[in-house]
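Okay, so here's the structure we're looking at.
The values are calculated or read from the model by the stated rules, or taken from the named source; none is laboratory data. Quantities reported herein were computed from a predicted structural model and do not represent experimental measurements. Glycine gets a Cβ as well: all are built from the backbone with ideal geometry, and neighbour counts include every protein chain shown. In case anyone asks, the SASA skips ligands and DNA or RNA and just uses the protein heavy atoms, side chains included. Shrake-Rupley method; radii C 1.70, N 1.55, O 1.52, S 1.80 Å.
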Amino acid sequence: EPEVTQTPSHQVTQMGQEVILRCVPISNHLYFYWYRQILGQKVEFLVSFYNNEISEKSEIFDDQFSVERPDGSNFTLKIRSTKLEDSAMYFCASSEAYSLNTEAFFGQGTRLTVV
Amino acid sequence: GESVGLHLPTLSVQEGDNSIINCAYSNSASDYFIWYKQESGKGPQFIIDIRSNMDKRQGQRVTVLLNKTVKHLSLQIAATQPGDSAVYFCAEIPGGYQKVTFGIGTKLQVIP
(Lines give C-alpha, C1' and ligand atoms only; values in the text may rest on other atoms or scores of the structure.)
Protein backbone atom coordinates (compact mmCIF):
# COMPACT_ATOMS: atom_id res chain seq x y z
CA GLU A 1 0.00 0.00 0.00
CA PRO A 2 1.43 3.40 -0.93
CA GLU A 3 2.34 5.61 2.00
CA VAL A 4 3.77 8.99 2.87
CA THR A 5 7.25 8.71 4.32
CA GLN A 6 9.01 11.25 6.47
CA THR A 7 12.65 11.61 7.49
CA PRO A 8 14.16 11.82 9.96
CA SER A 9 11.85 10.31 12.56
CA HIS A 10 13.48 12.45 15.25
CA GLN A 11 15.53 15.61 14.85
CA VAL A 12 17.27 17.43 17.68
CA THR A 13 18.58 20.89 16.94
CA GLN A 14 19.92 23.87 18.80
CA MET A 15 17.86 27.01 19.06
CA GLY A 16 18.61 29.36 16.17
CA GLN A 17 19.67 26.61 13.81
CA GLU A 18 17.99 25.83 10.53
CA VAL A 19 16.25 22.49 10.05
CA ILE A 20 14.80 20.80 7.02
CA LEU A 21 12.13 18.17 7.44
CA ARG A 22 11.69 15.85 4.51
CA CYS A 23 8.67 14.09 3.12
CA VAL A 24 8.04 11.80 0.18
CA PRO A 25 4.34 12.05 -0.70
CA ILE A 26 2.42 9.30 -2.46
CA SER A 27 3.60 9.29 -6.05
CA ASN A 28 0.39 10.17 -7.90
CA HIS A 29 -0.74 12.79 -5.39
CA LEU A 30 -0.73 16.44 -6.37
CA TYR A 31 -1.51 18.24 -3.12
CA PHE A 32 0.80 18.36 -0.15
CA TYR A 33 0.42 19.57 3.40
CA TRP A 34 2.33 20.13 6.59
CA TYR A 35 0.77 19.95 10.05
CA ARG A 36 2.28 20.12 13.48
CA GLN A 37 1.29 18.76 16.88
CA ILE A 38 2.82 20.23 19.99
CA LEU A 39 3.00 17.61 22.73
CA GLY A 40 -0.38 17.25 24.42
CA GLN A 41 -2.10 19.62 22.02
CA LYS A 42 -4.18 19.27 18.89
CA VAL A 43 -2.87 18.85 15.39
CA GLU A 44 -2.59 22.22 13.64
CA PHE A 45 -2.59 23.03 9.94
CA LEU A 46 0.52 24.82 8.69
CA VAL A 47 0.43 24.96 4.91
CA SER A 48 -0.90 23.37 1.74
CA PHE A 49 1.01 23.24 -1.53
CA TYR A 50 0.07 22.61 -5.13
CA ASN A 51 1.70 23.16 -8.49
CA ASN A 52 4.88 24.45 -6.87
CA GLU A 53 3.23 27.12 -4.85
CA ILE A 54 1.53 27.59 -1.52
CA SER A 55 -2.25 27.27 -1.70
CA GLU A 56 -3.06 28.14 1.89
CA LYS A 57 -1.16 28.82 5.05
CA SER A 58 -2.07 29.38 8.66
CA GLU A 59 -1.00 32.13 11.03
CA ILE A 60 1.62 29.76 12.43
CA PHE A 61 3.38 29.61 9.05
CA ASP A 62 5.32 32.84 9.34
CA ASP A 63 8.47 34.00 7.57
CA GLN A 64 10.57 31.48 9.50
CA PHE A 65 8.88 28.68 7.58
CA SER A 66 9.18 27.74 3.93
CA VAL A 67 8.23 24.77 1.82
CA GLU A 68 9.72 23.42 -1.34
CA ARG A 69 9.38 20.61 -3.81
CA PRO A 70 12.99 20.39 -4.91
CA ASP A 71 12.47 17.46 -7.24
CA GLY A 72 9.71 15.16 -8.42
CA SER A 73 9.43 13.21 -5.21
CA ASN A 74 10.41 15.22 -2.13
CA PHE A 75 8.45 17.87 -0.26
CA THR A 76 10.35 19.75 2.42
CA LEU A 77 9.58 22.06 5.33
CA LYS A 78 12.36 24.42 6.34
CA ILE A 79 12.49 26.33 9.60
CA ARG A 80 15.16 29.00 9.26
CA SER A 81 15.93 29.85 12.86
CA THR A 82 14.35 27.40 15.24
CA LYS A 83 12.81 28.48 18.51
CA LEU A 84 12.10 26.38 21.57
CA GLU A 85 8.38 26.61 20.83
CA ASP A 86 8.92 24.96 17.44
CA SER A 87 9.41 21.67 19.27
CA ALA A 88 6.59 19.47 18.04
CA MET A 89 5.68 16.51 15.88
CA TYR A 90 5.49 17.59 12.25
CA PHE A 91 3.24 15.63 9.92
CA CYS A 92 3.35 15.69 6.15
CA ALA A 93 0.27 14.65 4.19
CA SER A 94 -0.71 14.32 0.57
CA SER A 95 -3.90 13.90 -1.43
CA GLU A 96 -4.98 13.35 -5.01
CA ALA A 97 -7.22 16.37 -5.07
CA TYR A 98 -8.12 19.43 -3.04
CA SER A 99 -11.79 18.96 -2.47
CA LEU A 100 -14.40 17.37 -0.27
CA ASN A 101 -14.31 13.59 -0.02
CA THR A 102 -10.64 13.46 -0.91
CA GLU A 103 -8.68 11.67 1.74
CA ALA A 104 -5.36 13.09 2.84
CA PHE A 105 -2.81 10.46 3.81
CA PHE A 106 -0.46 11.29 6.64
CA GLY A 107 3.13 10.29 7.24
CA GLN A 108 4.29 9.01 10.58
CA GLY A 109 5.76 12.34 11.52
CA THR A 110 9.09 13.87 12.46
CA ARG A 111 9.60 14.75 16.09
CA LEU A 112 11.52 18.00 16.26
CA THR A 113 13.18 18.86 19.55
CA VAL A 114 14.74 22.31 19.86
CA VAL A 115 17.20 22.66 22.74
CA GLY B 1 -12.99 32.12 18.59
CA GLU B 2 -14.64 29.16 17.00
CA SER B 3 -13.14 25.80 17.69
CA VAL B 4 -13.56 22.07 17.59
CA GLY B 5 -13.46 20.22 20.86
CA LEU B 6 -14.16 16.92 22.57
CA HIS B 7 -16.25 16.12 25.64
CA LEU B 8 -14.24 13.15 26.96
CA PRO B 9 -10.47 13.01 27.00
CA THR B 10 -10.32 9.27 27.84
CA LEU B 11 -12.76 6.44 27.22
CA SER B 12 -12.28 2.88 28.46
CA VAL B 13 -14.42 0.08 27.04
CA GLN B 14 -14.49 -3.67 27.29
CA GLU B 15 -13.51 -5.62 24.22
CA GLY B 16 -16.62 -6.47 22.26
CA ASP B 17 -18.66 -3.56 23.57
CA ASN B 18 -19.66 -0.61 21.44
CA SER B 19 -17.80 2.68 21.81
CA ILE B 20 -19.19 6.15 21.37
CA ILE B 21 -16.84 9.10 21.06
CA ASN B 22 -18.35 12.57 21.08
CA CYS B 23 -17.30 15.90 19.66
CA ALA B 24 -18.70 19.41 19.79
CA TYR B 25 -17.98 21.95 17.10
CA SER B 26 -18.81 25.62 17.03
CA ASN B 27 -18.13 26.76 13.47
CA SER B 28 -21.58 26.75 11.91
CA ALA B 29 -20.00 27.37 8.49
CA SER B 30 -18.28 23.98 8.49
CA ASP B 31 -19.84 21.66 5.97
CA TYR B 32 -17.52 18.68 6.12
CA PHE B 33 -16.34 16.61 9.06
CA ILE B 34 -13.81 13.85 9.44
CA TRP B 35 -12.91 11.40 12.15
CA TYR B 36 -9.25 10.46 12.37
CA LYS B 37 -7.55 7.71 14.36
CA GLN B 38 -4.02 8.19 15.64
CA GLU B 39 -2.17 5.22 17.01
CA SER B 40 0.89 5.71 19.16
CA GLY B 41 3.86 6.83 17.08
CA LYS B 42 1.84 7.19 13.89
CA GLY B 43 0.22 9.95 11.93
CA PRO B 44 -3.54 10.54 11.81
CA GLN B 45 -5.46 7.99 9.76
CA PHE B 46 -8.74 8.82 8.06
CA ILE B 47 -11.64 6.74 9.39
CA ILE B 48 -14.86 8.18 8.07
CA ASP B 49 -16.27 11.48 6.90
CA ILE B 50 -19.65 13.13 6.64
CA ARG B 51 -21.06 16.15 4.85
CA SER B 52 -23.35 18.62 6.54
CA ASN B 53 -26.27 17.59 4.31
CA MET B 54 -26.24 14.17 5.98
CA ASP B 55 -26.98 13.16 9.56
CA LYS B 56 -25.59 9.63 9.49
CA ARG B 57 -23.00 7.70 7.60
CA GLN B 58 -21.89 4.12 8.09
CA GLY B 59 -18.64 2.40 7.35
CA GLN B 60 -17.15 -0.89 8.34
CA ARG B 61 -17.91 -1.19 12.09
CA VAL B 62 -18.04 2.60 12.37
CA THR B 63 -20.90 5.07 12.18
CA VAL B 64 -20.73 8.83 12.31
CA LEU B 65 -23.71 10.87 13.45
CA LEU B 66 -24.06 14.57 12.87
CA ASN B 67 -26.50 16.77 14.74
CA LYS B 68 -26.29 20.24 13.23
CA THR B 69 -28.91 21.64 15.58
CA VAL B 70 -26.65 21.23 18.59
CA LYS B 71 -23.39 21.16 16.62
CA HIS B 72 -22.51 17.68 17.78
CA LEU B 73 -20.63 14.88 16.08
CA SER B 74 -20.19 11.33 17.30
CA LEU B 75 -18.27 8.27 16.25
CA GLN B 76 -19.68 4.88 17.07
CA ILE B 77 -17.46 1.81 16.91
CA ALA B 78 -19.22 -1.52 16.99
CA ALA B 79 -17.71 -4.54 18.74
CA THR B 80 -14.62 -2.65 19.86
CA GLN B 81 -11.36 -4.53 19.41
CA PRO B 82 -7.93 -4.09 21.02
CA GLY B 83 -6.68 -2.71 17.72
CA ASP B 84 -9.13 0.16 18.09
CA SER B 85 -7.10 1.53 20.99
CA ALA B 86 -5.89 4.93 19.83
CA VAL B 87 -6.59 8.64 20.04
CA TYR B 88 -9.56 9.72 17.96
CA PHE B 89 -9.82 13.25 16.57
CA CYS B 90 -12.85 14.89 15.14
CA ALA B 91 -12.06 17.53 12.58
CA GLU B 92 -13.93 20.05 10.51
CA ILE B 93 -13.26 21.63 7.16
CA PRO B 94 -14.87 24.97 6.39
CA GLY B 95 -15.63 25.26 2.75
CA GLY B 96 -14.12 22.87 0.24
CA TYR B 97 -10.51 22.83 1.31
CA GLN B 98 -8.21 20.47 3.12
CA LYS B 99 -7.43 23.00 5.83
CA VAL B 100 -8.47 20.60 8.52
CA THR B 101 -9.04 21.90 12.04
CA PHE B 102 -8.62 19.13 14.57
CA GLY B 103 -10.03 18.74 18.03
CA ILE B 104 -7.90 17.81 21.03
CA GLY B 105 -8.67 14.10 20.76
CA THR B 106 -10.19 11.33 22.86
CA LYS B 107 -8.07 8.41 23.95
CA LEU B 108 -9.90 5.11 23.55
CA GLN B 109 -8.62 2.28 25.73
CA VAL B 110 -9.94 -1.20 25.00
CA ILE B 111 -9.84 -3.58 27.95
CA PRO B 112 -9.32 -7.21 26.85
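Structure data summary
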item	result
Whole-Hz ³J(HN,Hα) from phi, Karplus 6.51 cos²θ - 1.76 cosθ + 1.60, for segment B:73-79, glycine and proline x	10, 9, 10, 10, 10, 8, 6
B:Asp31/B:Ser74 FRET efficiency (R0 22 Å; Cβ-Cβ; nearest 0.05)	0.80
Highest-MSF residue in chain B out of B:Phe46, B:Phe102, B:Phe33 [GNM, Cα springs under 10 Å]	B:Phe46
1.4 Å probe, heavy atoms, protein only - residues of segment A:48-77 losing at least 50 Å² accessible area vs chain alone	A:Glu56
Whole-angstrom gap from segment B:41-91 to segment A:14-47, using each part's C-alpha centre	24 Å
Counted charge near A:His10, where neighbours are those whose Cβ lies closer than 15 Å (Asp, Glu -1; Lys, Arg +1)	+3
Chains B and A together, accessible area buried on both sides, 1.4 angstrom probe, square angstrom	1900 Å²
Per residue solvent-accessible surface (Å²) - the protein assembly as shown, probe of 1.4 Å	49 Å²
Whichever lysines have a C-alpha closer than 19 Å to that of A:Lys42, once near sequence neighbours (fewer than 8 apart) are set aside	A:Lys57, B:Lys37, B:Lys42, B:Lys99, B:Lys107
Choice from A:Ser94, A:Ser48, A:Ser73 showing the highest fluctuation, given a GNM over chain A with Cα pairs closer than 10 Å	A:Ser73
Distribution of pairwise C-alpha distances over segment B:15-112, 5 Å bins, in %	3, 14, 26, 25, 18, 9, 4, 1, 0
Highest-fluctuation residue, A:Lys78, A:Lys42, A:Lys57 considered, GNM on chain A with Cα pairs under 10 Å	A:Lys42
Shielded residues, segment B:40-64 - accessible-area loss of 40 Å² or more between chain alone and all protein chains, probe 1.4 Å	B:Pro44, B:Phe46, B:Arg51
Label-point gap, in nm, between A:Gln41 and A:Ile60 - each point 7 angstrom along Cα→Cβ	0.7 nm
Along principal axes, Cα extents of chain A, largest first, whole Å	38, 28, 28
5 angstrom amide H check on A:Ser87, placed H, neighbours 5+ away	A:Val114
Karplus 3J(HN,Hα) series, Hz, for segment A:33-43 with 6.51 cos²θ - 1.76 cosθ + 1.60 (x for Gly, Pro)	9, 10, 10, 9, 9, 5, 3, x, 10, 7, 5
Other-chain or far-sequence residues with amide H under 5 Å of B:Ile48's (modelled H)	B:Trp35
Cα Rg over Rh - the protein assembly as shown, Kirkwood	0.97
Percentage relative contact order, chain A, counting C-alpha pairs under 8 Å, at least six apart	38 percent
Residue-by-residue Karplus 3J(HN,Hα) for segment B:52-64, coefficients 6.51, -1.76, 1.60, Hz, glycine and proline x	6, 8, 10, 10, 7, 8, 10, x, 7, 6, 10, 9, 10
Amide H contacts of B:Ile104 (H built 1.01 Å from N, under 5 Å, at least 5 apart or other chain)	B:Leu6
